[in-house]
Amino acid sequence: MATERTLSIIKPDATRRNLTGKINAKFEEAGLRIIAQKRIHLSKAQAGEFYAVHKDRPFYGELCDFMASEPVVVQVLEGEGAIAKNREVMGATNPSEAEAGTIRAEFALSIGENSVHGSDAPETASVEIAYFFSGLELVG
Ligand code: CMP
């Protein structure tokens, strides 16, 4: 399988509860390397632009308010099949459906406050990484 890069976000419900290290330990234990990382506080407009694909969903306003409520950690994970591996380590979007041992099963509070985001495909990974990082900031 090819080496890939994917965007990961540690969401406000997790940064608030000081879970950044515990969450990143799970990525690293799964063989993913953090090759870029920063802690930022998104504006509602920035959150809205990032999640524009969901703009017609009923939860869009709530999602943007939540993502702009407190700091997030945005990071790039690299590894063999990183996009699928990241999604496996995160678990299902809805924590009540997430497999035991996954980040969302252990830490998420609800489908909205679900602790982490991860890109869902190679095309979205490139766009999402470029939204937050320049090429110079990716140090593999
Ligand atoms: P994420 O992987 O970041 O991608 C879009 C986000 O929308 C998703 O995780 C959830 O946090 C959020 N989301 C999806 N469905 C719902 C829902 N029914 N209610 C609130 N938020 C949702």
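The values are calculated or read from the model by the stated rules, or taken from the named source; none is laboratory data. Computed from a prediction, not measured in an experiment: that's the story for all the values here. Please note: Cβ atoms are built from the backbone with ideal geometry, for glycine as well, and neighbour counts cover all protein chains shown. Remember, those area values only see protein heavy atoms, side chains included, never the ligands or the DNA or RNA. Shrake-Rupley method; radii C 1.70, N 1.55, O 1.52, S 1.80 Å.
Considering only residues that are more than 9 Å from the ligand (Cβ to nearest atom) and assigned to a loop (DSSP other than H, G, I, E, B), look in region 101-114 and name the one that is farthest from the chain's Cα centre (by Cα). Restricting to residues being more than 9 Å from the ligand (Cβ to nearest atom) and assigned to a loop (DSSP other than H, G, I, E, B), the top hit is GLY101.
For region 30-90, which fully contained helices (runs of 4 or more DSSP H) count at least 2 residues that are within 13 Å of the ligand (Cβ to nearest atom) and over 21 Å from GLU106 (Cβ atoms)?
On the way: elements: 44-50, 60-67, 82-90.
Answer list for region 30-90: 44-50, 60-67.
Exactly one residue among ALA98, ALA121, ALA130 is without any contact (Cβ under 8 Å) to a residue 12 or more places away in the chain, within 14 Å of the ligand (Cβ to nearest atom) and open to solvent by less than 80 Å² (accessible area, probe 1.4 Å), and that residue is ALA98.
Residue-level check: of (1) among the hydrophobic types (A, V, I, L, M, F, W, C); (2) within 14 Å of the chain's Cα centre (by Cα); (3) open to solvent by 100 Å² or more (accessible area, probe 1.4 Å), VAL53 misses just (2).
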